[in-house]
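Enquirer: Mind looking over this structure? Questions follow.
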Amino acid sequence: TIVEPNTHLRGKTKIGSNCRIGPNTIVRDSQIGDDGEIISADIAEAVIADNVRIGPFARLRAGTCLARGVRMGNFGEVKNSYIGEESHLGHFSYIGDTQMGKRVNIGAGTITCNFDGKQKNSTVIGDDVFIGSDTMLVAPVKIGDRARTGAGSVVTKDVPPDSLAVGSPARVIRKMANGECV
């Protein structure tokens with residue numbers, strides 16, 4: 001493992017083998033698996049599995065777990081969420097209080113709107129979901145397996161599996177055949 005300049009490992013942090021951490025990274029009370037790369041990130045009380053790529057300029061807050069093979073782009077933030085294996089989070093995204101399945105693609109600019117002014121609400125995203133860029137997922141909301149959202153959608157209602165939802169507010173416009181690419 002290589003720890004680059006201006007990187008700070010604090011508290012009960014543990015790092016696996018064959019990682020590259022930094023430069024300009026702060027890791028507090030977190031666990032990082034093997035074969036990872038973290039560039040210019042702020043990580044606190046998170047668990048990061050093997051073969052994860054993060055940054056640059058990413059923030060992982062308390063309660064975050066990134067499963068094996070996750071890719072997290074620049075200027076993303078994750079809080080109190082589980083991100084499933086091989087999922088990708090685009091740039092400029094915020095994911096909070098979310099349970100995400102495997103092989104999910106989160107487009108750039110996507111946010112989970114998890115606070116309604118009184119309480120935090122959860123977002124649940126199934127496996128093999130594609131969330132279009134600049135989508136707002138207004139919690140509480142569930143996105144079914146293999147569902148898709150169009151760019152700029154404001155999702156305020158559950159999206160069933162194998163469906164395409166678009167618009168503001170988003171509405172399901174069609175049921176997709178299994179494996180269909182839009």
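The values are calculated or read from the model by the stated rules, or taken from the named source; none is laboratory data. Keep in mind that this is a model prediction, so the values were computed, not measured. Cβ sites come from the backbone with ideal geometry, for glycine too, and all protein chains shown count toward neighbours. For accessibility, only protein heavy atoms count, side chains too; no ligands or nucleic acids. Shrake-Rupley method; radii C 1.70, N 1.55, O 1.52, S 1.80 Å.
Enquirer: Val138 versus (1) open to solvent by 60 Å² or more (accessible area, probe 1.4 Å); (2) modelled with pLDDT of 95 or more: which is the lone unmet condition?
Expert: Single failed check for Val138: (1).
Enquirer: Additional query: Could you please find all residues in the stretch 147-160 being open to solvent by less than 20 Å² (accessible area, probe 1.4 Å), assigned to a loop (DSSP other than H, G, I, E, B) and closer than 18 Å to Tyr94 by Cα?
Expert: Selection gives Gly150, Ser153.
Enquirer: Among the residues of the stretch 90-124, which ones are open to solvent by less than 10 Å² (accessible area, probe 1.4 Å) and under 22 Å from Gly55 (Cβ atoms)?
Expert: Across the stretch 90-124, the qualifying residues are Ser93, Ile95, Gly96, Thr98, Met100, Val104, Ile106, Gly107, Thr110, Thr112.
Enquirer: Can you name the residue in the stretch 57-89 that is aliphatic (A, V, I, L, M) and part of a loop (DSSP other than H, G, I, E, B) and is also surrounded by the most Cβ atoms within 10 Å (Cβ to Cβ) among such residues?
Expert: Here the residue is Val70.
Enquirer: Same structure again: What are the pairs, 6+ residues apart or on separate chains, where a residue within the stretch 4-24 that is at negative phi has its Cβ under 6 Å from a residue that is of a type in the set (D, E, K, R)?
Expert: Going by the 6 Å Cβ cut-off, the qualifying pairs are Arg10/Arg28; Lys12/Asp29; Gly16/Asp34; Ser17/Asp34; Arg20/Glu37; Pro23/Glu4.
Enquirer: Turning to a different aspect of this structure: Which number in (1) within 22 Å of Val70 (Cα to Cα); (2) free of Cβ contacts under 8 Å to residues at least 24 places away in the same chain marks the one condition that Val124 misses?
Expert: (2)
Enquirer: Then there's this: Please go through the stretch 25-36 and give me each residue that is of a type in the set (Ser, Thr, Tyr) and either touching a residue at least 40 places away in the same chain (Cβ under 8 Å) or in a strand (DSSP E or B) (or both), ordered by number.
Expert: Correct list: empty.
Enquirer: Tally time: how many residues in the stretch 37-56 are open to solvent by less than 10 Å² (accessible area, probe 1.4 Å), under 14 Å from Thr1 (Cβ atoms) and assigned to a loop (DSSP other than H, G, I, E, B)?
Expert: Residues in the stretch 37-56 being open to solvent by less than 10 Å² (accessible area, probe 1.4 Å), under 14 Å from Thr1 (Cβ atoms) and assigned to a loop (DSSP other than H, G, I, E, B): 1 in total.
Enquirer: Let me ask something else about it. Mind listing whichever residues of the stretch 25-52 are at negative phi and of a type in the set (Gly, Ala, Ser)?
Expert: Hits for the stretch 25-52 are Ser30, Gly33, Gly36, Ala41, Ala44, Ala46, Ala49.
Enquirer: I'd like to know if the stretch 1-9 contains one or more residues that are part of a strand (DSSP E or B) and buried (at least 23 other Cβ atoms within 10 Å of the Cβ).
Expert: Step one: of the stretch 1-9, the residues part of a strand (DSSP E or B) are 2-3, 8-9.
Imposing the further condition that a residue be buried (at least 23 other Cβ atoms within 10 Å of the Cβ) reduces the set to none.
No: the stretch 1-9 contains no residue that is part of a strand (DSSP E or B) and buried (at least 23 other Cβ atoms within 10 Å of the Cβ).
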